[in-house]
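Below is one structure, written out as structure tokens; the observations come after it.
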Amino acid sequence: KNFFLLDPKLLVFGFLIVFFASYGQTFFISLFNLEIRAHYNLSDGEFGFVYAVATILSSLLLIGFAKLIDYIDLRIYSFIITIGIFLACLGMFLFFKHIAFLIIVIFALRFFGQGAMSHAGETTMARYFGNDRGKALSVSTLGGMTGVMFLPMIVIYLMKYFTTNQIWLAASFSIILFVPILFATLNDQSIRHINFKKTLSNDPLNQKWKTIDLIKDRKFYIYLPLSISSSFISTGLMFHQIFIFKEKGWSLEMLGNGFIFLGIFSIIGLVIGGPIIDKFNTRKTVLTALVPLFLGLLILLFFDNYFFLIVYMSLYGLNLGISTPFIGALWAEIYGVESLGTVKALLHSGGVFASALSPLVF
């Protein structure tokens with residue numbers, strides 16, 4: 001109970017900004033896979049290539065952009081990326097029939113959604129909550145899991161009555177509603193950041209890290225594969241989920257039901273993972289976060305029964321719930337929190353790059 005009273009407004013910010021990052025996540029975009037391919041007359045492989053190109057571009061630019069969170073006011077940074085995802089959703093509403101336009105819009109969705117907004121939520125939680133960062137990261141991750149749990153069901157239902165353009169227009173309007181909440185939750189950010197700066201001088205772990213220093217550091221490469229493997233695998237599965245479900249004989253409605261279990265078990269993973277992070281050394285326990293994903297892949301590979309769809313989605317959700325806060329806290333433990341934005345900018349860029357390759361590999 002005391003944890004939620006530490007800084008409730010910042011927790012609301014972390015939850016909501018990661019929730020709205022959902023619009024740039026593969027699980028959301030892939031719900032419109034058939035409509036996008038039909039509109040632009042693309043095969044599954046061709047759309048995968050477009051998606052990969054746009055995502056790779058976003059990952060390269062994210063390295064330089066996302067580290068700005070270390071240098072400018074969080075309110076300004078968050079407002080910029082929120083307007084970015086708003087314009088990206090508006091672009092999907094306009095849906096101009098030109099392949100260059102599609103690449104630009106997918107780039108913007110991935111850059112501002114999966115990249116910058118997720119990065120902002122995770123970095124803020126890890127930076128300002130100190131020894132409670134595990135629980136704080138669980139709260140922000142819960143925002144993303146709420147999106148995973150409810151948005152597919154909502155979209156599948158709305159598709160019966162509205163066009164793809166109209167659904168994306170509704171998404172863009174929902175982001176406008178987030179803007180005043182953003183400023184309300186961060187209205188005392190100046191005081192918060194001053195207090196944060198005071199704590200840095202007492203922590204020997206905190207030092208300034210530049211991107212070039214991280215690239216030269218051996219520790220970065222030891223833990224990088226652990227951090228991006230989940231993004232690589234999950235993006236490949238999500239991007240091709242419609243194809244996989246058709247091959248398995250599972251319907252779109254079954255997919256929607258599966259997301260309910262994914263959401264429930266992701267929350268269970270968050271409840272388990274947050275306290276473990278705050279109690280134990282993350283570097284020693286982070287490998288366990290990937291076990292549910294490995295088991296889920298085995299289930300998907302060998303079983304076609306609808307029951308195993310539920311098992312697969314549950315294990316997938318458990319992995320998301322446990323691994324996201326684990327990975328978020330891991331880098332704060334290794335490199336401290338003063339340059340955490342720079343560290344996680346490079347990390348997120350690697351994750352986005354891996355997710356760009358996975359639709360092609362899968």
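Overview of results
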| quantity | calculated |
| --- | --- |
| Shape metrics for segment 143-221, restricted to C-alpha atoms - Rg then Dmax, Å | 21.1, 58 |
| Förster radius 25 Å - calculated FRET efficiency between I156 and H193, Cβ distance, rounded to 0.05 | 0.05 |
| Residues of type lysines that K210 reaches as a straight line, Cα spacing below 28 Å, ignoring anything fewer than 8 places off in the same chain | K67, K135, K197, K198, K219, K284, K344 |
| Structure-derived Cα Rg over 2.2 N^0.38 Å - corresponding label in (1) 1.15; (2) 0.94; (3) 1.33 | (2) |
| Diffusion coefficient, µm² s⁻¹, Stokes-Einstein with Kirkwood Rh over alpha-carbon pairs of segment 268-362 at 25 °C and 0.890 mPa s | 166 |
| Counted charge near D304, where neighbours are those whose Cβ lies closer than 10 Å (Asp, Glu -1; Lys, Arg +1) | 0 |
| Cross-link reach list, lysines versus K160, counting only Cα pairs under 29 Å and skipping chain neighbours closer than eight places | K97, K246, K248 |
| Karplus-derived 3J(HN,Hα), 6.51/-1.76/1.60, for each residue of segment 35-40, Hz, glycine and proline x | 5, 5, 5, 5, 5, 9 |
| Within the chain, helix-based [θ] at 222 nm, where runs of 4 or more DSSP H residues each add -39,500 (n - 2.57), nearest 500 | -26000 deg cm²/dmol |
| For segment 10-22, Karplus couplings with θ = phi - 60° (6.51, -1.76, 1.60), whole Hz, Gly/Pro x | 5, 5, 4, 4, x, 4, 6, 5, 6, 4, 6, 5, 4 |
| Cα extents of segment 201-321 along the three principal axes, largest first (Å) | 57, 30, 21 |
| Relative compactness, segment 239-291, computed as alpha-carbon Rg over 2.2 N^0.38 Å | 1.58 |
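Computed from the coordinates by the stated procedures, all read-outs in this text should not be read as laboratory data. As the structure is a computational prediction, the values presented were derived from the model and not from experiment. Virtual Cβ from ideal backbone geometry, glycine too; neighbours counted across all protein chains shown.
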